[in-house]
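Working notes, structure below.
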Amino acid sequence: MTIKITGTGSELPEKIVTNFDMQELVETSDEWIRERTGIAERRISTGETVSSLSAKACQKALEMAGKAASEVELIIVATCSPELLLPCCACQVQDMIGASNAAAFDMNAACSGFLFALNTVNAYLQAGIYKNALIAGSEVLSKLVDWTDRGTCVLFGDGAGAAFVEASADDAVYDNGRKAGLECMVQGSDGAKGMVLSCAERPVNNAFVSEKQTVNPYIQMNGQEVYKFATRQVPACINKALDKAGLCVDDVDLFILHQANVRIIESVAKRLKADIAKFPMNLDKVGNMSSATIPVLLDELNRSGKIKKGDRIVLSGFGAGLTYGASVLVW
Ligand code: COA
């Protein structure tokens, strides 16, 4: 038994906000943002929600897979910016797309969310509990961003990506000797360093608390600490995953990394001694969309034919938690 991604989809808000637009809001410049991050523009919601974006991305993934919504058995939405705490976003998506036979729940592993959801789905499918699952990574981070804080507001964007994953009994080996499926995965967390990238929810101000608390409800980040974490941890966990699978960097065709910052991706490529051409990027157009970055890029590459059957891909995410992970799969 193996698992296959048989459909991908993505959905972005309509509004494009360029670095020049950002110059109107905070003291920054197109040059600074491009040099330090690689971002030129991002999509920002003017009403699109995590659930509406997820539902559209999921529908596109289902269409590509040629499946009806009623056939979906499990829906996981990875998000850290849902509109509602209850019900979860996955249940809203279930309703929106009409997947009435699915079990649905959310996962929050921040920017590693889609990857952690894929690994979770792999475990469910390998265990024979479900035969298929829809996964979405979806965020409207623009509502968690302090639009007066130039250190964070220039980095993030909104959007959603999705994948339909199926259990497959097809054990066929491609001409290159590879078999489709998820070959190996490594996940990790470092909660001790969690507060370097945080966003508060409501404090405990119930009827029994005498001193009411207030919190800053926006994303707060120590950018340099996050940068150090990502550039060390990502190559280390990719190497660990490849070692576990008995593979080396040269055995990989594409490294699809969380799109946070072009400098982070370049540094990872350098540390792995891998050709930067194997690291596709789209963050210039969409910014950092947390859990949505990997599935949106995956969908772009899939639809444009840049991923071919038999290609070996490393997906790697990192972010708040701190969380990180790498999965090796053959398409
Ligand atoms: N425009 C112009 N200047 C800015 C700015 C902006 N948007 N944001 C910060 N600055 C200023 C700072 O205030 C600072 O000024 P000072 O020297 O007068 O104090 C200066 O630029 C340098 O700031 P610093 O934070 O040292 O910059 P940096 O080189 O570390 O780059 C990041 C900042 C955020 C781009 C970088 O740390 C980074 O990419 N970190 C990872 C963040 C990330 O990816 N987070 C999400 C992970 S999932």
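The values are calculated or read from the model by the stated rules, or taken from the named source; none is laboratory data. These figures come from a predicted structure and were not determined experimentally. We place every Cβ from the backbone using ideal geometry, glycine too, and count neighbours over all the protein chains shown. Protein only, heavy atoms only, side chains kept; ligands, DNA and RNA dropped before computing areas. Shrake-Rupley method; radii C 1.70, N 1.55, O 1.52, S 1.80 Å.
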Quick check on the chain: helices-only [θ] at 222 nm, where DSSP H runs of length 4 and up contribute -39,500 (n - 2.57) each and the sum goes over total residues. Nearest 500, please. -9500 deg cm²/dmol
Extent of segment 228-300 along each principal axis, from alpha carbon coordinates, in Å, largest to smallest? 34, 27, 21
Label point distance in nm, ALA127-LYS212, each placed 7 Å from Cα along Cα→Cβ: 4.4 nm
Contour excess over end-to-end distance, with Cα ends at LYS244 and GLU14 and 0.36 nm allotted per residue: 78.6 nm
What's the magnitude of the charge dipole for segment 1-116 around its Cα centre, counting Lys and Arg as +1 and Asp and Glu as -1 at the beta-carbon? Answer in Debye, nearest 20. 420 debye
Here the FRET efficiency for ASP190 versus LYS270, based on Cβ atoms and R0 = 30 Å and rounded to 0.05, is 0.85
What translational diffusion coefficient, to the nearest whole µm²/s, does the chain have by Stokes-Einstein, given a Kirkwood radius computed over alpha-carbon pairs, a temperature of 20 °C and 1.002 mPa s viscosity? 107 µm²/s
Report, in debye and to the nearest 20, how large the dipole of segment 181-330 comes out about its Cα centre when Lys and Arg carry +1 and Asp and Glu carry -1 on their Cβ. 120 debye
GluC sites (Glu not before Pro), loop per DSSP, at most 11 other Cβ atoms within 10 Å - longest free stretch of the chain: 28-200
Mind checking which of VAL77, VAL296, VAL26 has the largest fluctuation in a GNM of the chain, springs on alpha carbons under 10 Å? VAL26
What's the lysine pair count for segment 2-168 at a Cα cut-off below 15 Å, pairs eight or more apart or interchain? 5
Please sort through the DSSP H helices of the chain and keep those with an alpha-carbon extent of at least 30 Å along the long axis and a Kyte-Doolittle average not below -0.5. 223-244
Over all Cα pairs of segment 65-184, how is the pair count split among 5 Å bins, expressed in % and running from 0 up to the last occupied bin? 2, 11, 18, 19, 17, 12, 9, 6, 4, 2, 0
P(r) for segment 43-88: what percent of alpha-carbon pairs falls in each 5 Å bin, starting at zero? 5, 17, 26, 23, 17, 10, 2
Distance in nm between VAL173 and ASP284 label points, each 7 Å along Cα→Cβ, equals 4.1 nm
Can you give the Kirkwood hydrodynamic radius for segment 181-330, in Å, rounded to one decimal and based on Cα pairs? 16.7 Å
First select every other residue whose beta carbon is under 15 angstrom from the beta carbon of ARG178; then total the charges, Lys and Arg +1, Asp and Glu -1. -3
About its Cα centre, how strong a charge dipole does the chain have in debye, to the nearest 20, once Lys and Arg get +1 and Asp and Glu get -1 at the Cβ? 680 debye
PRE zone check, label point 7 Å out along Cα-to-Cβ of GLU83, amide N under 16 Å, scope segment 1-34, hits 12-14
Post the alpha-carbon centroid distance, segment 214-233 to segment 118-173, in whole angstrom. 21 Å
Given the options GLY188, GLY310, GLY223, which has the most mean-square fluctuation in a GNM of the chain, springs set between C-alpha atoms less than 10 angstrom apart? GLY223
List nothing, just return the count: lysine pairs in segment 226-283, 8 or more apart or interchain, with Cα separation under 19 Å. 8
Given Cβ charges of +1 for Lys and Arg and -1 for Asp and Glu, the option among ALA104, PHE208, GLY321 whose Cα lies farthest towards the positive end of the dipole of the chain is GLY321
If I ignore ligands, DNA and RNA and count only protein heavy atoms, how much of TYR227 is accessible to a 1.4 Å probe, in Å² to the nearest 10? 70 Å²
Exposure rank, largest accessible area first [ASP299, ASP149; 1.4 Å]: ASP149, ASP299
Only Cα pairs under 8 Å and at least 6 apart count here; give the relative contact order of segment 181-330 as a rounded whole percent. 37 percent
